[in-house]
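Report on the structure given below.
The values are calculated or read from the model by the stated rules, or taken from the named source; none is laboratory data. Please read all numbers here as calculations on a predicted model, not as lab measurements. Positions of Cβ are generated from backbone atoms using ideal geometry, with glycine treated the same way; all protein chains shown enter the neighbour counts.
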Amino acid sequence: MWYNEAQSGKKAGDSHNMNGQNRKDVLPGIEVNIVLKQDQRSGKLTRGIVKDLLTNSPTHPHGIKVRLTDGQVGRVKEIITPAR
């Protein structure tokens, strides 16, 4: 499932939402929107559940790289269901 960022209702630069740039906010089992490598130019987002974190650094300016439960790999652009 995918949709454009404009459909999310979020404005670019919204600082109060979790944008997926901090590793501490991205945990296995949470629902996220990611951008796949082939979709970086269009900005098309893919929604899924995080299986593995692939970025080792605590932060990344383009989003933490993750593998979803369905095997797709991309960078987190938005966290849908934050960790509790």
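Pairing residues of the range 23-39 that are in contact (Cβ under 8 Å) with a residue 24 or more places away in the chain with residues that are loosely packed, with under 14 Cβ neighbours inside 10 Å and assigned to a strand (DSSP E or B), at Cβ distances under 7 Å and at least 6 apart in sequence or on separate chains, gives Arg23/Thr59; Pro28/Asp52. Only residues that are in a loop (DSSP other than H, G, I, E, B), within 15 Å of Asp25 (Cβ to Cβ) and not basic (Lys, Arg) were counted across the range 63-84, and they come to 6. Return yes when Ser8 is at pLDDT below 95, out of contact with any helix residue (DSSP H, G or I) (no Cβ under 7 Å at 6 or more places or on another chain) and surrounded by 14 or more Cβ atoms within 10 Å (Cβ to Cβ) and no when it is not. Yes. Scanning the range 52-72 for residues that are surrounded by 15 or more Cβ atoms within 10 Å (Cβ to Cβ) and out of contact with any helix residue (DSSP H, G or I) (no Cβ under 7 Å at 6 or more places or on another chain) yields His60, Gly63, Lys65, Val66, Arg67, Leu68.
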